[in-house]
Amino acid sequence: MNISSVNTIAEKSNIGVSMKDVGILVLGHGSTLPYNRELVEEMAQLIARRHPGPVKTAYLNANQPHIPEGLQSFAGTNVKRIVALPLFLAHGVHTKEDIPRELGVDGKSRKGLVNIGGRGVEVFCAEPLGMDECIAALAYKRAEEALR
């Protein structure tokens, strides 16, 4: 499967909200190594090519902005909803506890209302990337590259 063949551009989501009114906050773990931040920023740029609304980044630790500041960076954008998108492969303490806490959302429902720029904005925490054919294809590609 070619990852670029996955077409996710949509003007309306399946819940009737215009995607222009949705912000995406791409979340990285953070690292003292510069490559981590560069990767998260580049991933956000790739997502922004597909998404008609604002796309920003934030980090759990080590890099700036941290998650609360990342949320506040949507002030003035007039988004109605924000999806926090953790760039983590699987669930762990960070995705189950730390990230929802930093977002100010309920850990079980993974959503909540957050004050951003003086108004309430719905925040949703997406699931980790998880298992998907395109991730398996990428993993296999990395295995092949290791043999070169």
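The values are calculated or read from the model by the stated rules, or taken from the named source; none is laboratory data. Computed from a prediction, not measured in an experiment: that's the story for all the values here. When we count neighbours, we look across all protein chains shown, and the Cβ atoms used for this are built from the backbone with ideal geometry, even at glycine.
Inspect all residues belonging to the range 54-65 and state whether any of them is β-branched (Val, Ile, Thr) and touching a residue at least 40 places away in the same chain (Cβ under 8 Å). Give the steps one after another, and end with the answer.
Keep residues of the range 54-65 that are β-branched (Val, Ile, Thr), which gives 55, 57.
If we keep only those that are touching a residue at least 40 places away in the same chain (Cβ under 8 Å) as well, we get none.
Checking the range 54-65: not a single residue is β-branched (Val, Ile, Thr) and touching a residue at least 40 places away in the same chain (Cβ under 8 Å).
Output the qualifying pairs, or none if there are none: Cβ atoms under 8 angstrom, residues six or more apart or on different chains, first residue in the range 66-79 and more than 19 Å from residue 18 (Cα to Cα), second residue in a loop (DSSP other than H, G, I, E, B) and of a type outside the set (Asp, Glu).
Pairs that qualify, where the first residue is more than 19 Å from residue 18 (Cα to Cα) and the partner is in a loop (DSSP other than H, G, I, E, B) and of a type outside the set (Asp, Glu), are 66/60; 67/60; 68/104; 71/104; 72/117; 73/65.
For the list (1) crowded, with 16+ Cβ neighbours inside 10 Å; (2) in a helix (DSSP H, G or I), I need the number of the one condition that residue 134 fails.
Here residue 134 meets the rest and fails (1).
Within the range 80-102, which residues are assigned to a helix (DSSP H, G or I), under 13 Å from the mean Cα position of the chain (by Cα) and in contact (Cβ under 8 Å) with a residue 60 or more places away in the chain? Let's see the steps before the verdict.
Of the range 80-102, the ones assigned to a helix (DSSP H, G or I) are 93-102.
From what's left, under 13 Å from the mean Cα position of the chain (by Cα): 95, 99-100.
Hit for the range 80-102 is 99, nothing else.
Here are the criteria: (1) surrounded by 17 or more Cβ atoms within 10 Å (Cβ to Cβ); (2) without any contact (Cβ under 8 Å) to a residue 24 or more places away in the chain; (3) of a type in the set (S, T, N, Q). Tell me which single one residue 109 does not satisfy.
(1)
So, in the range 17-56, of the ones that are within 17 Å of residue 67 (Cα to Cα) and of a type in the set (S, T, N, Q), which residue ends up surrounded by the fewest Cβ atoms within 10 Å (Cβ to Cβ)?
The qualifying residue surrounded by the fewest Cβ atoms within 10 Å (Cβ to Cβ) is 32.
Can you give me the number of residues within the range 73-95 that are farther than 20 Å from residue 31 by Cα, surrounded by 15 or more Cβ atoms within 10 Å (Cβ to Cβ) and not hydroxyl-bearing (Ser, Thr, Tyr)? Reasoning before the result, please.
First, pick out the residues of the range 73-95 that are farther than 20 Å from residue 31 by Cα: 73-83.
Now narrow it down to the ones that are surrounded by 15 or more Cβ atoms within 10 Å (Cβ to Cβ): 73-74, 77, 79-83.
Subsequent filtering for residues that are not hydroxyl-bearing (Ser, Thr, Tyr) retains 74, 79-83.
Selection size over the range 73-95: 6.
What is the number of the single condition among (1) more than 23 Å from residue 131 (Cα to Cα); (2) in contact with a helix residue (DSSP H, G or I) (Cβ under 8 Å, 6 or more places away or on another chain); (3) among the hydrophobic types (A, V, I, L, M, F, W, C) that residue 113 does not meet?
(2)
Looking at the range 1-32, which of its residues are at pLDDT 95 or above, out of contact with any Asp or Glu (no Cβ under 8 Å at 6 or more places or on another chain) and not β-branched (Val, Ile, Thr)?
Selection gives 21, 23, 25, 27, 28, 29, 30, 31.
Mind checking which residues of the range 39-50 are closer than 19 Å to residue 103 by Cβ and either touching a residue at least 40 places away in the same chain (Cβ under 8 Å) or touching an Asp or Glu at 6+ places or on another chain (Cβ under 6 Å) (or both)? Write out each step before concluding.
So the first thing to find is which residues in the range 39-50 are closer than 19 Å to residue 103 by Cβ, and the list is 40, 43-44, 47.
Passing the criteria: 40, 43.
Exactly one of (1) part of a helix (DSSP H, G or I); (2) charged (D, E, K, R); (3) under 29 Å from residue 133 (Cβ atoms) is unmet by residue 69. Its number?
Result: residue 69 fails condition (3) only.
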